[in-house]
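> Input: one structure, supplied below.
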Amino acid sequence: MLEQYKELNTADQESMQSAIRKLLSQTFLLDRKYDKKSGRMASDREYEFCSRHREFLKEYFGVAGILLEQNEELGIIYIQGIEGAGERLTKLTTIYLLLLKLLYDEKMAAVSTSTQVFVTLGELNSKMGEFRLVRGLPSVTEQKKAFAALKKYQIVEFLDAYDEMGENSRILIYPSVNLALLREDAAELVHTFEETEEESEDGTADTGL
């Protein structure tokens, strides 16, 4: 494996180091991401690089017991099997994640010819109220922190100015949400949060935010 790495030119060695660091920090690499300058989806060079060197990367991560997988249909390269690693998601971040999954599935069922799903912050907050997952609308600061984590892990992209979040702010949901949370897990989480909020209202529990 080390010999394979040494055979790469300097530029490719640097690209390999960058790709490994990115996978460790954000879990997912997407073949196409939203480019704000052009206003459209664009191919990601790191994804293409990792796809070409997939066997090397599988062997590299395998030494640490980490699996590297590629879902060509969704256009995602990702790692799994790092127990205890990564940051702990806040309750609000987890709620947004499961609602994004539910909305992604709903919209994909209606338009099955595309893997791109767009929602607004208003839709997301409306769905949160529909399921009674929190008591009151979270503050802008709380929302920004939650979306910063989701953006870091390549789950969403804000199409409008991130600092001017409003009900009409558009959010692109990447297909990586399918791998971050399965449909069954999303439904179970919704049920869990609903029960928690009901207990909080009765005064028997208070999870807070």
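The numbers here are math on the coordinates, done by the rules we state, and not lab data. Worth saying up front: this structure is predicted, and the values here are computed from it rather than measured. Ideal geometry is used to build each Cβ from the backbone, glycine not excepted, and the neighbour counts take in all protein chains shown.
> From the cross-link list LYS22/LYS145; LYS58/LYS101; LYS6/LYS37; LYS37/LYS58, which pairs have alpha carbons spaced over 31 Å apart? Numbers along the way, then the final one.
Numbers: LYS22/LYS145 20 Å; LYS58/LYS101 28 Å; LYS6/LYS37 36 Å; LYS37/LYS58 33 Å.
Result: LYS6/LYS37; LYS37/LYS58 exceed 31 Å.
> Skipping prolines and chain starts, which residues have an amide H placed within reach, meaning under 5 Å, of the one on VAL117, given they are 5 or more residues away or on another chain?
Hits under the 5 Å cutoff: ILE173.
> A further question follows. Shape verdict for region 1-129, please, from the Cα gyration tensor: rounded (a/c under 1.5), prolate (a/b greater than b/c) or oblate. All intermediate terms of the calculation are to be shown ahead of the outcome.
Working: a/c = 2.45, a/b = 1.71, b/c = 1.43.
The shape class here is prolate.
> Going by average Cβ neighbours within 10 Å, how do the peptides 94-101, 64-71 rank, with the highest at the top?
94-101, 64-71
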